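For reference, the structure discussed in these notes is given below.
The values are calculated or read from the model by the stated rules, or taken from the named source; none is laboratory data. Fair warning: this is a prediction, and the values are worked out from it, not measured in the lab. Because the Cβ atoms are built from the backbone with ideal geometry, glycine has one as well, and the counts that use them run over all protein chains shown. Just so you know, the surface numbers come from the protein's heavy atoms only, side chains and all, with ligands and any DNA or RNA stripped out. Shrake-Rupley method; radii C 1.70, N 1.55, O 1.52, S 1.80 Å.
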Amino acid sequence: MKILNFGSLNLDRVYAVEHFVQEGETLSAGRMETHCGGKGLNQSVALARAGASVLHAGCVGEDGGQLIDCLRESGVDVRHVQTVDQPTGHAVIQVLPGGQNGILLFSGANRCLTEQGMEAALAECGAGDWLLLQNETNLTGRLAERGAAQGLKVVFNPSPADSRLNEVDFHHLSCCLFNEIEAASLTGETEPQAILDAFRRQYPSCATVLTLGAGGAWYDDGEQRLHQPAFPAKAVDTTGAGDTFTGYFLAAMMAGDAPGRAMRLASAAAALAVTRKGAANAIPWREEVEKLLV
């Protein structure tokens, strides 16, 4: 069993700031670093480090070689990552002293997926395999449709929550993972139980994971609703924490773990990730997470 991730690949330019820049303000950064990132790359790295068999499909520019190397070094199959004549996607990330972040995203090569590339990658999958999508690339709605028709378990992380979500038919999904901002955009609700209830009414066959940062996370599949408290952690940088959670949760579910076990594993992995700088490089390996759970 494998998971195919059609996901974004970004160079993250991280700036340490005292507060988020305001309109009309010029703000000096205390530190600047460049890391491998993008929701797609982060989630593939987390999946692979958690022990899943991962095939990544996406696009980078000529300057994106280190992103491919990052995936490969974590054990991800990169045969369907293409180099195109566009700049690699990148993010400008402001990080506060407490670890909170604000992100400005440029899609670049991530919007260069083609139907031909989509079909070539999907041809490697069979019924029962998994397909993971985010909202940082093109063809997301088409991929969800094709994946469901092929018998794949389609998982969607609807981030960023913008108008392109309208291209995706959520009835094709087996599972949807979102935070409170994305959830409010989709349901119009802000309270966790109301969010889960609203999504369940609209998409009764789709399992839901709602992440709440320090508030932990909720899982709902129509038969059970579980809350996983957040593991205590001294946050240095929260960039990629949600992606770490996503990858570890899905890896555990693919391995046949019960949702409660998957949620606990994912929460522990995310707690470790926020204690480190960066995105992909902060994602822990399975052995590290297991030690935290002992």
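Here are some notes:
- Residue in region 239-256 that is more than 19 Å from G102 (Cα to Cα), open to solvent by 20 Å² or more (accessible area, probe 1.4 Å) and assigned to a loop (DSSP other than H, G, I, E, B) present: yes
- Some residue of region 133-152 being closer than 16 Å to A57 by Cα, among the basic types (K, R), out of contact with any helix residue (DSSP H, G or I) (no Cβ under 9 Å at 6 or more places or on another chain) and open to solvent by 10 Å² or more (accessible area, probe 1.4 Å): no
- Filtered residues of region 208-238 (kept if at pLDDT 90 or above and surrounded by 21 or more Cβ atoms within 10 Å (Cβ to Cβ)): T208, V209, L210, T211, A217, Y219, D220, Q228
- When H56, H80, H90 are checked against the criterion of being modelled with pLDDT under 95 and either touching a His at 6+ places or on another chain (Cβ under 9 Å) or crowded, with 17+ Cβ neighbours inside 10 Å (or both), H90 stands alone in meeting it.
- Residues of region 153-173 satisfying the condition of being open to solvent by 60 Å² or more (accessible area, probe 1.4 Å) and either closer than 16 Å to G40 by Cβ or part of a helix (DSSP H, G or I) (or both): S163, N166, E167, H171
- In the set (1) over 13 Å from C175 (Cβ atoms); (2) touching a residue at least 40 places away in the same chain (Cβ under 8 Å); (3) not aliphatic (A, V, I, L, M), the condition left unmet by F249 is number (1).
- Taken over region 181-196, the residue count meeting the criterion of being of a type in the set (D, E, K, R) and either farther than 28 Å from D129 by Cα or touching a helix residue (DSSP H, G or I) at 6+ places or on another chain (Cβ under 6 Å) (or both) is 2.
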